[in-house]
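The values are calculated or read from the model by the stated rules, or taken from the named source; none is laboratory data. Small disclaimer: the values here were computed from a predicted structure and weren't measured. Please note: Cβ atoms are built from the backbone with ideal geometry, for glycine as well, and neighbour counts cover all protein chains shown.
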Amino acid sequence: MILWQERSDLQSTEEVSRQPARGARDLLPQDVEDNRWICAQLHGVYRRWGYKELAPPTIERLDTLEAAGAIDAKVLLKVATQDALGLRPEITASVARAACTHLAGRPRPLRLWYEGSVFRREDMGGHERVQEELQSGIELIGAPGLAGDGELVAVLLDACRQLPFHPDHQPTLLLGHRALFAALLEDFPHHQRAGLRQALSRYDVLQLQALDLSDADRQRAQRLLSVRGEPEVVLDALSTSSKAAAVDELQALVALVAERARQAGVRLQLDPTFLPTFTFYDGVVLRLVCQDAHALVSVATGGRYNRLLRHFAPGDQHASGTGFSFKVECLRGLLQGRRAVLSGQTDVRVLVAYHHPSHLGDAMACLERHHHAQMQAELLPSPMAGEIAQGHGSPRGPQVLVTYDHPIGRGAATACVQRHRTAQVEVELWPQPCPTLEAARAAWRQRPLPCLEWLTGARDGSAS
């Protein structure tokens, strides 16, 4: 799909659509604020674990984006340039490239985190759709084995503790292993393994039934679908049927992180047939899922990708990497669905009004005092002449009437009063709450000072 190309014939205004591209959408201010709040919680966890931010480019060479053949070129959004470029469908490959080039000489392990949008092309019944998604994640480069896998899961669980999940979300961390899945398929005919891999990893019973399998193979494949659940039960079942080293790896990982998962309120589940969408993972794989109102929602995915790293560093046969990414907008939708309190929902803000154009400077000075105190303050841009009977005010008398919307907000309003008085400005505090801006204006009509302030949003009683 060609993303952009220069045109000499501009469309007329009648031809211009006012809708976003198919699959794209506008994020409204509250959604943007909530996304930033979620990312800030995640970034705080990353930093505590010693991760440093990396910002790889949104546009990359196609050979990088294809991740050594692990990503189907059909999902890539290509840019019409002389070079073969496209928009990234995920960020891990870009981080791996940077780690093996610009950061090749840095001591290992490298701990890197990122935030950014990814873009994918989807074919919806013959119609192309662009999917844009905000991701935040980490990559741990140069930490092989249990130590690296254990740290990855521990960071993810710490991130879960920072997010306001509701008990009904039932956050569950699925763990699997690419080598274990491959070992489980070895008993099946070689020509059936690709179809089995797809059907089992998608938990697609209909696709499984459509495969041309013998009765014995079909029954064995159906049993594999049921081998998932509590780690101890699954590990016991696998230890008797598979001698794969991956079973021991998963057993050691579960023992390392089980208590941390319990403390984070996250259920662990082993799923030997789970595989992420992109196939560059070659070791432990994971996915965090939550229960939404109607279905399970995947909010984070990751795993180990040693082979991908060695693709970018062909001379280093010991290169190792592991990481995960959160789907920020899926998280936001999940949390907003339960009316979780995210960014902006408890912010205190002050609306400042003025009566006459000659008082605009006084209103701007009010804003400045609040802004210096790191408080959100907004100007109602038009003078409210006619709102009050008079409003000239005495130069030596009170200049600002401070009102507030809720009894709990009185403390915050008192702090606003003190802020003005420190600047040698006389103010008055209205004695009772004004639940709406109209109520504040009614109070202003009774006490017509040059400027009105209405403080709203103070529900925790804290503002300074």
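For region 194-268, list the helices (runs of 4 or more DSSP H) that sit wholly inside it and hold at least 3 residues that are in the same structural domain as VAL153 (by TED's automatic domain parsing) and either in contact with an Asp or Glu (Cβ under 8 Å, 6 or more places away or on another chain) or within 27 Å of VAL153 (Cα to Cα) (or both); which are they?
Here the list reads 215-226, 231-241, 245-264.
Step by step: first the residues of region 135-152, then only those that are among the hydrophobic types (A, V, I, L, M, F, W, C) and over 18 Å from ARG47 (Cβ atoms), then the one that is surrounded by the fewest Cβ atoms within 10 Å (Cβ to Cβ). Which residue is that?
Here the residue is ALA147.
Any residue in region 200-227 that's at positive phi: show its pairings with residues that are among the hydrophobic types (A, V, I, L, M, F, W, C) at Cβ separation under 8 Å, as long as the two are six or more apart or on different chains.
TYR203/LEU225
Name, by its number, the condition in (1) touching a residue at least 40 places away in the same chain (Cβ under 8 Å); (2) in a helix (DSSP H, G or I) that does not hold for GLN131.
(2)
Of the conditions (1) surrounded by fewer than 17 Cβ atoms within 10 Å (Cβ to Cβ); (2) touching a Phe, Trp or Tyr at 6+ places or on another chain (Cβ under 9 Å); (3) of a type outside the set (Lys, Arg), LEU286 fails just one. Which one is it?
(1)
I want to confirm something. Restricting to region 301-334 and keeping residues that are among the basic types (Lys, Arg) and under 23 Å from LEU110 (Cα atoms), which single residue is surrounded by the most Cβ atoms within 10 Å (Cβ to Cβ)?
ARG304
Contact list please: Cβ distance under 7 Å, first residue in region 82-99 and farther than 14 Å from SER117 by Cβ, second residue among the β-branched types (Val, Ile, Thr) and part of a strand (DSSP E or B), pairs at least six apart or on different chains.
Here the result reads LEU85/ILE59; LEU85/VAL79; ALA99/ILE141, each pair linking region 82-99 to a residue that is among the β-branched types (Val, Ile, Thr) and part of a strand (DSSP E or B).
Tell me which residues, restricted to region 120-130, are in contact with a Gly (Cβ under 8 Å, 6 or more places away or on another chain) and at pLDDT 90 or above.
Once the filter is applied, which keeps residues that are in contact with a Gly (Cβ under 8 Å, 6 or more places away or on another chain) and at pLDDT 90 or above, region 120-130 yields nothing.
Being within 24 Å of ASP248 (Cα to Cα) and either among the hydrophobic types (A, V, I, L, M, F, W, C) or touching a residue at least 40 places away in the same chain (Cβ under 8 Å) (or both) is the filter here, so list the residues in region 180-195 that pass it.
LEU180, PHE181, ALA182, ALA183, LEU184, LEU185, PHE188
For region 191-212, what are the residues that are touching a Gly at 6+ places or on another chain (Cβ under 9 Å) and either among the β-branched types (Val, Ile, Thr) or more than 20 Å from ARG228 (Cα to Cα) (or both)?
Matches in region 191-212: ALA210, LEU211, ASP212.
Could you tell me which numbered condition SER298 fails, if it satisfies all but one of (1) at pLDDT 95 or above; (2) surrounded by 15 or more Cβ atoms within 10 Å (Cβ to Cβ)?
Every listed condition holds for SER298 apart from (2).
Which number in (1) in contact (Cβ under 8 Å) with a residue 60 or more places away in the chain; (2) more than 30 Å from the chain's Cα centre (by Cα) marks the one condition that LEU174 misses?
With (1) in contact (Cβ under 8 Å) with a residue 60 or more places away in the chain; (2) more than 30 Å from the chain's Cα centre (by Cα) applied to LEU174, the lone miss is (2).
Residues being among the basic types (Lys, Arg) and surrounded by fewer than 13 Cβ atoms within 10 Å (Cβ to Cβ): count how many of those fall in region 56-104.
Residues that pass the stated criteria total 1.
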